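Okay, so here's the structure we're looking at.
The values are calculated or read from the model by the stated rules, or taken from the named source; none is laboratory data. Since the model is a prediction, treat every value here as computed from it, not as a measurement. As a convention, Cβ positions derive from the backbone with ideal geometry for all residues, glycine included, and neighbour counts pool all protein chains shown.
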Amino acid sequence: MNSFVESVEQVRLNLKKKLDIFFYISLCLLGIALILLILFFCFVTDTTHQVGYLLLASLISIGLAAIIYGSTYYYFNNKYLKSFIGNLDLESLKYLYEDKFKYDRKTGVSFDLFAKSRIIATPDEFSSSKGLYVSYDNVNAISSDYNLNYIHDRVSKKREDKIDRVKVSYKGKFIRYEVKKDNVAFISLITKDFPKEILVDPRIGEKIDFEYRDFNDYFVVKSSSRNKARELLNPKVQLDLLNLIHGFKIDLAIVIIDNYIYVYLGEYDGYQNLNIYKTFDKSAFKSYFDEFYLIRLIAEALDLDSRSYQ
């Protein structure tokens with residue numbers, strides 16, 4: 001990964017040099033504004049229109065400096081981010097899957113696809129971003145960030161006769177896997193600390209407890225087929241899922257319907273903001289890399305490459 005880090009850092013330095021040009025232009029405009037302001041205060045007793053012109057020119061210079069630097073900073077910082085993600089995609093996927101993968105970056109998923117698991121309460125506002133489509137071996141996956149907004153009417157804390165509209169937001173990551181075999185069963189397993197405000201209790205099937213007590217302590221499992229649930233969630237899968245939530249410190253909800261597996265990571269945000277003025281920190285690499293790594297780890301934890309799914 002060292003070559004990747006070096007290439008990203010070189011891109012950052014090249015873009016920063018270009019941004020510095022606009023930074024100095026902005027400084028020059030601010031310098032002009034300062035000179036004009038000094039002249040304005042020196043001739044503050046003058047009654048001619050030239051005083052007003054000085055003040056106006058100084059304000060225009062300050063505004064231009066802010067616009068030039070702000071817009072160019074956004075442009076070059078965004079370009080740095082896109083370059084980073086583009087290089088990271090290939091580097092991460094090659095590292096995880098060697099050359100046996102296909103991928104594409106698209107817009108986020110639709111709400112219809114997101115809600116097909118039937119366990120998510122319909123939000124007042126929905127958005128998704130950073131769509132990632134990955135295929136490797138026998139696994140096809142779609143991954144996307146999501147943002148759910150629920151608007152509630154509540155009695156105002158200041159006045160009892162007033163109703164306030166309160167927006168509550170929930171962010172996380174959504175992954176959907178497609179496998180070949182239709183398991184003809186509905187299975188849901190949800191960690192007990194997953195945000196309950198965004199869930200609809202699955203009424204299909206019965207609650208199932210397993211012999212592994214630690215698994216029962218963390219997951220609530222419901223299924224329309226007790227035998228199918230025990231077959232798919234065997235002791236190895238239970239242990240792998242526990243290791244996953246402990247290792248990443250995440251809460252998740254998983255729903256198996258037909259030949260699709262829907263995964264929701266509650267309040268998970270794997271990305272960090274990159275700043276063109278800061279040297280690339282290797283610790284930031286992990287948070288971006290985890291987006292790909294989680295797709296693989298969840299697939300492996302659920303044993304999606306086994307005969308049960310293929």
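Just a few scattered comments:
- Residue within the stretch 238-254 that is in contact with a strand residue (DSSP E or B) (Cβ under 6 Å, 6 or more places away or on another chain) and among the acidic types (Asp, Glu) present: yes
- Which listed residue is among the hydrophobic types (A, V, I, L, M, F, W, C), out of contact with any strand residue (DSSP E or B) (no Cβ under 9 Å at 6 or more places or on another chain) and within 26 Å of residue 233 (Cβ to Cβ), from 184, 179: 184
- Number of positions in the stretch 200-245 that are assigned to a loop (DSSP other than H, G, I, E, B) and over 29 Å from the mean Cα position of the chain (by Cα): 10
- Just one residue in the set 277, 260, 212 is assigned by TED's automatic domain parsing to the domain that holds residue 172 and modelled with pLDDT of 90 or more; that residue is 260.
- Unique match (being more than 21 Å from residue 126 (Cα to Cα), assigned by TED's automatic domain parsing to the domain that holds residue 120 and crowded, with 20+ Cβ neighbours inside 10 Å) among 265, 241: 241
- Check on residue 288, at pLDDT 75 or above, hydroxyl-bearing (Ser, Thr, Tyr) and either outside the structural domain of residue 104 (by TED's automatic domain parsing) or not in a loop (DSSP other than H, G, I, E, B) (or both): no
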